[in-house]
Amino acid sequence: MAALRWTWLGTLPYADAWSLQRRCAEMRRDGTLEHDLVLMLEHPPVFTMGRQGDVAHLGGGADALRAAGAEYIEVDRGGSVTFHGPGQLVAYPIVDLASMFPIPGHPRMGDVLRYVRALEQAVIDTAQQFGVTTERRPPFTGVWRGNDKLAAIGVKLARGVTTHGIGFNVNTDLAWFSLITPCGIDGAGVCSLQTLGVRDVTPQRIAPHVAAALGDAFHAEFVADPFSLGPIAEPVAA
């Protein structure tokens, strides 16, 4: 059984977290990072546009988003535009996908669809722990409460290792989403644990719950104590 470790990084600018993901992914590939790892954090306000994005989803455009007080960054994950910011738990699993979800008959390949479903299940299970029932909404990814998305999912697989992951609205200011078409889905809304009735909850509080739920969804040996990145994170801190 593979081991899954996790770490809480607090608030980290998007570019720094993206750089850290790439560094951890390379270390996972070459074996320097022995176990799969989930980076847990919050971002300052930022809109990110994925590979399938459309400028029509940006509302007034990138300059308008910057004028509202957020960054705008084009990234290499799947999906369209979404928002990350205070009150949203971001989870970035750095996973050797072939070891976690091998494809029968193709042991060097990992099953991306099973991986995405596992990410969704971890959010569904975590929300349930706080008394909130959610569901999937095919054909869209993510975790939903009716027409409102609680968690967005966008991933990248490169040379066998995953980056990017989950944006889980905990007590996020949802007004930011009104500036865009979230995930490029016309007519869909957004919600948070807070708007669904959960009180006194923060991303840091639910981070260990999400990490444990990911361990269950990945069928991995979950290591409960937070992992120290140590020198891995030093370039980010600098």
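The values are calculated or read from the model by the stated rules, or taken from the named source; none is laboratory data. Since the structure is predicted, the reported quantities are computational estimates derived from the model, not experimental observations. Here Cβ is always computed from backbone atoms with ideal geometry, including for glycine, and neighbour counts include all displayed protein chains.
Miscellaneous remarks
- Out of G105, G87, one residue alone is within 17 Å of the chain's Cα centre (by Cα) and on the phi > 0 side of the Ramachandran plot. It is G87.
- Selection count where residues are in contact (Cβ under 8 Å) with a residue 60 or more places away in the chain, aliphatic (A, V, I, L, M) and part of a helix (DSSP H, G or I), scope the range 85-134: 8
- For F227, the test of being aromatic (F, W, Y) and within 16 Å of Y92 (Cβ to Cβ) is passed.
- Filtered residue count, the range 156-193, keeping only those that are in a strand (DSSP E or B) and either buried (at least 22 other Cβ atoms within 10 Å of the Cβ) or under 17 Å from the mean Cα position of the chain (by Cα) (or both): 13
Every residue, every condition in (1) within 17 Å of V155 (Cα to Cα); (2) more than 18 Å from the chain's Cα centre (by Cα); (3) charged (D, E, K, R); (4) in a loop (DSSP other than H, G, I, E, B), yes or no:
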{"position": "W6", "(1), (2), (3), (4)": "no, no, no, no"}
{"position": "D16", "(1), (2), (3), (4)": "no, no, yes, no"}
{"position": "L33", "(1), (2), (3), (4)": "no, yes, no, yes"}
{"position": "L41", "(1), (2), (3), (4)": "yes, no, no, no"}
{"position": "G78", "(1), (2), (3), (4)": "yes, no, no, yes"}
{"position": "F83", "(1), (2), (3), (4)": "yes, no, no, no"}
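- In the range 54-69, the residues that are touching a residue at least 40 places away in the same chain (Cβ under 8 Å) and surrounded by fewer than 22 Cβ atoms within 10 Å (Cβ to Cβ): D54, A56, H57, L58, G59, G60, A64, A68
- Residue in the range 149-168 that is over 20 Å from A91 (Cα atoms) and out of contact with any helix residue (DSSP H, G or I) (no Cβ under 9 Å at 6 or more places or on another chain) present: no
- Boolean, G79 is touching a Lys or Arg at 6+ places or on another chain (Cβ under 7 Å), at pLDDT below 95 and surrounded by 17 or more Cβ atoms within 10 Å (Cβ to Cβ): no
- Any hit, the range 52-67, residues being assigned to a strand (DSSP E or B), more than 21 Å from D225 (Cα to Cα) and not aromatic (F, W, Y): no
- Scanning the range 194-212 for residues that are within 24 Å of T7 (Cβ to Cβ) and among the charged types (D, E, K, R), we see that the one that is surrounded by the fewest Cβ atoms within 10 Å (Cβ to Cβ) is D200.
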